[in-house]
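Take a look at the structure below.
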Amino acid sequence: MKKSRITLKDLAKELNLAPSTISRALGDHPAISEATKTRVKEKAEELAFIPNSIASSFRRKKTRSIGVVVPRIDVHFHSLVISGIEEYAYKKGYNVTIFQSKDSLTREKEITKILQNNMVEGVIACLAIETKRSDHFKNLKKIGIPLVFYDRVPSDFESNKIVINDFGAAFQATEHLINIGCKNIGHIAGPQTTGIFKARLEGYKAALKKNGLPFHSGLIKYANNLSYEEGVSCAKDFLKYKEPLDGIFCANDYTAISVIQVFQKADYKIPDDLSIIGFSNYPISRIIEPNLTTINDRAFEMGQAAAKLIIRQIEDEEVLIDSETQSIKTELIIRESSMKKRAV
């Protein structure tokens, strides 16, 4: 059964205090001792108590509203996920409200507090890059709001997840470079505190190992946000590497495009001298010259799957879905940036 939200009376019963005392303690009334205020606030935090009238009105009626927390709406991947969510939700009669964390943990925490008070029936979220622990999302779970995470998902508690096989996709991309004759392959990696980028790095390493190619730490450059500017910096570092690279796998398309442009300015011919692969299939990957080989992570389908799962949780109150994981199949799209067949 779905959990109901904690009420003032529930909190009073837990603490063996009068509801009026609880109300005054939460409002910092001078007549209430500091010890009691602290005790009440700690218990309220523990039980994810919402001290306003919206919570009770939420219990009385359905809002048909879903909150979606995305790191950055200007990233093509997330805009496609949102489109997938909205298309499926609209067909089912649900409204979608978008919140943007901008990859900030502080902002993400503030959003979860808003969502507790904002009469949403379910939440779909992708964790911010800064997020290491997900306690603020646990509060939503405590009060019975269904949760679905996509792409960047929590590892510190059981949750419903829509993901791709980042390890497998990275392995496939790197092995493609090996199969066309690349022997000195670099990697631009995302922050290793984030599971998807760690998995992509491990996939790259596994492909080298399987094919008997040596791994050198100097072949990896790390980026905090995988921005175009960071890609330029990483590409310039690769140009200084002791042995010329003949392949580079990038954790996203923005950095891959940076690599193309930096190496072209250094008189490298792509893909003759250097083959490059990105990740995510952004629209610019088809515009850049040469066109970029990349991984299609099927963001739109990921959004639809997330919406389908969250609505199933909302509408089937008799079944508590707590830890379902769905994996969306990816595709390696081979374009001009890796079409040169080298002698092996």
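Derivation of every value follows stated rules applied to the coordinates shown; laboratory data play no part. The structure presented is a predicted model; accordingly, all values stated were derived computationally and were not measured. Every residue, glycine among them, receives a Cβ derived from its backbone with ideal geometry; neighbour counts consider all protein chains shown.
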Study note, to complete from the structure: One would report the antiparallel percent of DSSP beta bridges in the chain, rounded to the nearest 5, as 10
Practice item. Would you grab the residues whose amide H sits under 5 Å from the one on residue 275? Only those 5+ places off in sequence or on another chain, please, with H modelled 1.01 Å from N. Key: 247, 248
Review point. What does the charge count near residue 286 come to, summing +1 for each Lys or Arg and -1 for each Asp or Glu among other residues with Cβ under 11 Å from its Cβ?
Key: -2
Study note, to complete from the structure: Expected sort for 147, 239 with the fewest Cβ neighbours (10 Å cutoff) up front is 239, 147
Exercise for review: State, as an integer percentage, the relative contact order of segment 8-53 based on alpha-carbon contacts under 8 Å between residues 6 or more apart.
Suggested key: 35
Exercise for review: Would you mind checking which residues have amide H under 5 Å from residue 6's amide H? H placed 1.01 Å from N; only 5 or more apart, or other chain.
Suggested key: 50
Exercise for review: Could you estimate the translational diffusion coefficient of segment 71-144 from the Stokes-Einstein equation, with Rh from the Kirkwood formula over C-alpha pairs, at 25 °C and 0.890 mPa s, in whole µm²/s?
Suggested key: 187
Study note, to complete from the structure: Scalar couplings 3J(HN,Hα) for segment 277-294 by Karplus 6.51 cos²θ - 1.76 cosθ + 1.60 (θ = phi - 60°), nearest whole Hz, x for Gly and Pro, are 10, x, 7, 2, 6, 5, x, 5, 5, 8, 9, 4, 10, x, 4, 8, 5, 7
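Does segment 8-53 come out rounded, prolate or oblate by the C-alpha gyration tensor, with a ≥ b ≥ c the root eigenvalues, rounded set by a/c under 1.5 and, if not, prolate when a/b is larger than b/c and oblate if not? Don't skip to the end; give the middle numbers.
On the way: a/c = 1.41, a/b = 1.36, b/c = 1.03.
Note, shape of segment 8-53 comes out rounded.
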Study note, to complete from the structure: Out of 32, 274, 287 - ranked by how far each Cα lies towards the positive end of the dipole of the chain, with unit charges on the beta-carbon of charged residues - the top one is 32
Point to revise | Most mobile of 181, 247, 93 in a GNM of the chain (Cα contacts under 10 Å) | key: 93
Revision key, fill the gap. Taking a crude spin-label model, label points 7 Å out from Cα along the C-beta direction, the residue 265 to residue 222 distance in nm is 2.6
**Study point:** segment 97-160, dipole about Cα centre (Lys/Arg Cβ +1, Asp/Glu Cβ -1), debye to the nearest 20
**Key:** 160
Practice item. Go through 73, 338, 323 and say which Cα lies farthest out towards the positive end of the charge dipole of the chain; charges sit on Cβ, +1 for Lys and Arg, -1 for Asp and Glu. Key: 323
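Sorted by packing (mean other beta-carbon atoms within 10 Å per residue), highest first, where do 81-89, 23-31, 149-157, 299-307 land? Please list the in-between numbers first.
On the way: 81-89: 21.2, 23-31: 13.4, 149-157: 18.8, 299-307: 23.8.
Per-residue Cβ counts within 10 Å, averaged per peptide and sorted highest first, yield 299-307, 81-89, 149-157, 23-31.
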Revision key, fill the gap. Listed by chain and number, the residues whose amide H is under 5 Å from that of residue 162, excluding neighbours fewer than 5 places away on the same chain and using placed H, are 149, 150, 151, 326
Exercise for review: Starting with the highest mean, order 158-167, 253-262 by the number of other Cβ atoms within 10 Å, averaged over the residues of each peptide.
Suggested key: 253-262, 158-167
Study note, to complete from the structure: Along segment 297-312, Karplus-curve 3J(HN,Hα) (6.51, -1.76, 1.60; θ = phi - 60°) to the nearest Hz, with x for Gly and Pro, reads 8, 6, 4, 4, 5, 4, x, 4, 5, 5, 5, 4, 5, 5, 5, 4
Practice item. Please give the peptides 285-295, 39-49 ranked by average Cβ packing (other Cβ atoms within 10 Å per residue), highest first, as a rough proxy for protection. Key: 285-295, 39-49
Practice item. For segment 156-163, take each phi angle, set θ = phi - 60°, evaluate the Karplus expression 6.51 cos²θ - 1.76 cosθ + 1.60, and give the result in whole Hz per residue in order, putting x for glycine and proline. Key: 9, 7, 5, 7, 7, 9, 10, 9
